[in-house]
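J.: I'd like to ask some things about the structure below.
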Amino acid sequence: TLEGHDAGINCLDFFQGGDKPYLVTGADDKMVKIWDYQNKTCVQTLEGHAQNVSAVAFHPELPIIITGSEDGTVRVWHSSTYRLETTLNYGLDRVWCMAHCRGSNNVALGYDEGSILVKLGREEPAMSMDSSGKLIFARHSEIQQANMRQLGDNEIKDGERLTLAVKDMGSCDIFPQSIQHNPNGRFVVMCGDGEFIISTAMALRNKAFGSGIQEFVWAADSSEYAVRDFSFSKIKIFKNFKEKKSFTPQYGADAIYGGHLLGVRSTNSLAFYTWDTLELVRRIMIVPQKVYWSEGSELVAICTEESFFVLRFDQSSVDAAFENKE
């Protein structure tokens, strides 16, 4: 017997992952509780609904818990951190039921005034490919590897489905929302839920990890990387997996971009800094979405919502300007 709710329990669901003996319950006390049914203990209580909780579910594909209430809202919680991710309100009065389909991110919600089908998250897996064609991708928390070179020199049509031999690499301690190889392909970083894990690309052996971050980017030097932490404005630079420097950009930091120079986006501009000294190279009054460097770092493409610009970069001119203190 699991005791803890102060009013009648309306719904429950079991965790379907297999590695946690958990179930979730919703009750008339407006609370949602996660239980360890082997130890008979309450792991977490989720508060926020204003009326009776009428439907709960562990999503079978995503690391989320979905709860519905007679207050008309559906709340989405992270199943590991128990953080509230989002609140949905479609104005259809009380929520009574929900259903999900294994293999899909779709969730069906039933209300007093009708029903609705919503898609949560993205169904495309996080993935990265190095310059040799080795592909690493995630299926939930499971990491898999394939090699595009196995296709040989056969002609491939656009949109053609490819059959690759897939190798299981094991599971990741986080749910990867993005995966990036470093420039030489030796290491790969997996980011998700405000955390990152750097592993060897071949055997997936962990080399470094961190938490409390918003973004992660690699430098052109494969041993160097930067993170933007949850303070939004502070950026930390790492070299050989050890923190080297940190700084707070003068113009703020809404996003960062890797490459030959460290790019920092503010509300109305893009600033480029050197990785070694963090000196400002140039500030451009533009708000980019992406920044791409060419392989030789001679060209950089700055992409906005409506257009893109290609600039030429001359390292000797930058060195001369620094030397002359221009």
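J.: State whether the range 1-63 is rounded, prolate or oblate according to the following rule on the C-alpha gyration tensor (a ≥ b ≥ c being the square roots of its eigenvalues): a/c under 1.5 gives rounded; otherwise a/b larger than b/c gives prolate, and the remaining case gives oblate.
T.: oblate
J.: Could you please state how large a percent of the accessible area of the range 203-326 is carbon and sulfur, counting protein chains only and using a 1.4 Å probe?
T.: So the carbon and sulfur contribution to the accessible surface is 49 percent.
J.: Here's something else I'd like to know. Using the Karplus curve 6.51 cos²θ - 1.76 cosθ + 1.60 with θ = phi - 60°, what ³J(HN,Hα) values do you get for each residue of the range 271-280, in whole Hz, with x for Gly and Pro?
T.: Each residue of the range 271-280 in turn: 10, 10, 10, 6, 6, 6, 10, 6, 7, 6 Hz.
J.: Over all directions, the average projected area of the alpha-carbon convex hull for the chain comes to how many nm²? Please report the intermediate quantities before stating the final value.
T.: Numbers: hull surface 84.8 nm².
Convex hull of Cα atoms, orientation-averaged projection: 21.2 nm².
J.: Sticking with this one: If you average the alpha carbon positions of the range 120-140 and of the range 279-326, how far apart do those two centres end up, in angstrom?
T.: One Cα centre to the other: 28 Å.
J.: Under 1.5 on a/c is rounded, so check that first for the range 218-326, then, if it is not, pick prolate when a/b is larger than b/c and oblate when it is not; a ≥ b ≥ c are the square roots of the alpha carbon gyration tensor eigenvalues. Intermediate results must be reported in sequence, preceding the final value.
T.: On the way: a/c = 1.35, a/b = 1.08, b/c = 1.25.
Cα axes put the range 218-326 in the rounded bin.
J.: Of all alpha-carbon pairs in the range 13-131, indicate the percentage at a distance above 21 angstrom.
T.: More than 21 Å apart: 38 percent of the Cα pairs in the range 13-131.
J.: So which trypsin sites (Lys or Arg not before Pro) in the range 267-326 are both in a DSSP loop and have at most 15 other Cβ atoms within 10 Å of their Cβ?
T.: Lys325
J.: Further question: Roughly how many Å² is the accessible area per residue of the range 125-212, as a whole number, for a 1.4 Å probe?
T.: Roughly 60 Å² per residue, with all protein chains present.
J.: Sticking with this one: Could you work out how far the C-alpha centroid of the range 35-69 sits from that of the range 203-244, in angstrom?
T.: 33
J.: A further question follows. I'd like the carbon and sulfur percentage of the solvent accessible area for the range 42-153, probe radius 1.4 Å, heavy atoms only, ligands and nucleic acids excluded. Each step should come with its number before you reach the end.
T.: Numbers: 2500 of 5450 Å².
Carbon with sulfur: 46 percent of the solvent-accessible area.
J.: Just order 152-162, 178-188, 212-222 by mean Cβ neighbour count inside 10 Å, highest at the front, would you?
T.: 178-188, 212-222, 152-162
J.: Additional query: For the range 253-268, take each phi angle, set θ = phi - 60°, evaluate the Karplus expression 6.51 cos²θ - 1.76 cosθ + 1.60, and give the result in whole Hz per residue in order, putting x for glycine and proline.
T.: Calculated HN-Hα couplings, in order: 8, 8, 6, 10, 9, x, x, 4, 10, 7, x, 10, 9, 10, 5, 9 Hz.
J.: Would you mind telling me which residue in Ser132, Ser80, Ser307 has the biggest mean-square fluctuation in a Gaussian network model of the chain, where springs connect alpha carbons within a distance under 10 angstrom?
T.: Ser307
J.: Still on this structure, please answer the following. Send over a whole-number figure in Å² for the accessible area per residue of the range 36-94, probe 1.4 Å.
T.: I get 43 Å² per residue for the range 36-94.
J.: About the Cα centre of the range 1-69, what is the dipole size in debye to 20, counting +1 per Lys and Arg Cβ and -1 per Asp and Glu Cβ, all else neutral?
T.: The dipole of the range 1-69 has a size of about 40 debye.
J.: Compute the accessible area per residue over the range 227-326, keeping the other protein chains in place, probe 1.4 Å, unit Å².
T.: Working: 6050 Å² over 100 residues.
Accessible area per residue, the range 227-326: 61 Å².
J.: Could you sort the peptides 189-197, 44-52 by per-residue average Cβ neighbour count (10 Å cutoff), highest mean leading?
T.: The packing order, highest mean first, is 189-197, 44-52.
The values are calculated or read from the model by the stated rules, or taken from the named source; none is laboratory data. This structure is a prediction, so every number in the text was calculated from the model and none was measured. In this analysis, Cβ positions are derived from the backbone assuming ideal geometry, glycine residues included, and neighbour counts consider all displayed protein chains. Note: accessible area is taken over every heavy atom of the protein model, side chains too, but ligands, DNA and RNA are not part of it. Shrake-Rupley method; radii C 1.70, N 1.55, O 1.52, S 1.80 Å.
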